[in-house]
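Novice: Before I ask anything, let me first share the structure, which is written out below as structure tokens.
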Amino acid sequence: TIDSTLQINATSILVNKLSEINALSGQVIIMEVQTGRIKALVGLERKDSAIYQPCNNITIQQPTGLMQPISALAALESGNSKLSDIVDTGNGIYLYKGKTIKDHNWSRGGYGEITIEQGLVVSSNIAIAKAINNAFDKNPQSYFGMLDKMSYGKPDSINGIANMKPICKDTTSLTWFSIGYSQFIAPIQTLTFYNAIANNGKMIQPQLYKDSTIVINPQIASKASIDSLKQALLFNITNGLGKPAYSDKVTVAGIQGTTLLTTNEDTTKNEYVAEFCGYFPADNPKYTIIVSINKTGLPVSGGLMAGDVFRQLTEYIINLKLN
């Protein structure tokens, strides 16, 4: 299913960004929304040299910064939350059961009272963690049951892709899991979920060979919940931290995320993953794209780094279709 021209150009766009920000590795996967066909599958890493080489393992699993909208969808489906609900994020520092959750702007005083939707578009860990605690505090396991019902973490295997594994999750840590920690998931599994959102709730098996389309889950969530989330993902591009993915050539929707993978006393050695996942055209999606970049040290930004790669890929595809 790989489009060789798109594969070459996606590789070039990713290499340029990895070189620019001195990243460790990166992935780009482009998938057709309705068929699940993978049109580009790029994995690059830098080992001993300055040259980025194809990486052997495209299914490496790690915590994800793209969990917030998925958790918000679970909260919507529970019937206990709406995206217009107000959450108090305080000064950007939230002490929960002896551990500290911080928003990225904590040093500037935090966001205070915001809606869950606003929490998504400013990537507020506190807004989503509190929303999930409010929705599922009486029965935390029902959150994980809701994720299973929505087929989160599928697929476990893809014909032609080695080393696929089920996602690894710690179901004792509701709060941290809801913002992407306490779990290990591969970008292609995250992409599969966002592709289902783009596809109005129908989850399709990603495929590298032109087989008949396989439906993993005919409806991961209600149409009303999917529509609400799609509006938030669109709003994120126009008014949120997803602005670097904005294109004047086509309307896109998506979300950015940044996750700390390692904690060192020397913060210049900390490893982060910067991610962006989205789809276009927003009103009738044809393609879903995930961009995942690993790097050490600050600055790091899912929007500015991975979102910019997403925009370049989107505009390349649009120009290809127009010419």
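The values are calculated or read from the model by the stated rules, or taken from the named source; none is laboratory data. These numbers were taken from a predicted model, which means no experiment stands behind them. FYI the Cβ positions are ideal-geometry reconstructions off the backbone, even for glycines, and counts take in every protein chain you see. These area figures cover heavy atoms from the full protein model, side chains too; ligands, DNA and RNA do not enter into them. Shrake-Rupley method; radii C 1.70, N 1.55, O 1.52, S 1.80 Å.
Novice: Set the Förster radius R0 to 35 Å, insert the Cβ-Cβ distance between residue 48 and residue 107 as r into 1/(1 + (r/R0)^6), and round the FRET efficiency to 0.05.
Specialist: Details: r = 36 Å, r/R0 = 1.04.
My answer for the efficiency is 0.45.
Novice: In addition: If I compute solvent accessible area with a 1.4 Å probe over the protein chains, what percent of it on region 208-323 is carbon and sulfur? Could you put the intermediate results ahead of the total?
Specialist: Numbers: 2760 of 5270 Å².
Carbon with sulfur: 52 percent of the solvent-accessible area.
Novice: Along the principal axes of its C-alpha atoms, what lengths does region 97-241 span, in descending order and rounded to whole Å?
Specialist: 52, 35, 28
Novice: Another question, then. In deg cm²/dmol, rounded to 500, what helix-only [θ] at 222 nm does the chain give when every DSSP H run of at least 4 residues adds -39500 (n - 2.57) and the total is split over its residues?
Specialist: Calculated mean residue ellipticity at 222 nm is -10000 deg cm²/dmol.
Novice: Can you figure out the FRET efficiency of residue 80 with residue 246, using R₀ = 30 Å and their beta-carbon distance, to the nearest 0.05?
Specialist: Numbers: r = 33 Å, r/R0 = 1.08.
Given R0 = 30 Å and the Cβ-Cβ separation, E is 0.40.
Novice: Now for a different question. Could you report the chain's accessible area per residue, 1.4 Å probe, as an integer in Å²? Could you put the intermediate results ahead of the total?
Specialist: Numbers: 13770 Å² over 323 residues.
Computed with neighbouring chains in place, this is 43 Å² per residue.
Novice: Rounded to a whole number, what % of the accessible area of region 3-52 do carbon and sulfur atoms account for, probe 1.4 Å? Walk me through the numbers on the way to the answer.
Specialist: Values: 1000 of 2160 Å².
Heavy-atom surface of region 3-52 belonging to carbon and sulfur, 1.4 Å probe: 46 percent.
Novice: Please compute, for the alpha-carbon atoms of the chain, the extent along each of the three principal axes and give them in descending order in Å.
Specialist: 49, 47, 39
Novice: What distance in nm lies between label points placed 7 Å from Cα along the C-beta direction at residue 142 and residue 162?
Specialist: 4.5 nm
Novice: Next up: Binning at 5 Å from 0, report for region 183-323 what percent of all alpha-carbon pair distances ends up in each bin.
Specialist: The distribution over region 183-323 is 2, 10, 18, 20, 19, 15, 9, 5, 2, 1, 0, given as percents.
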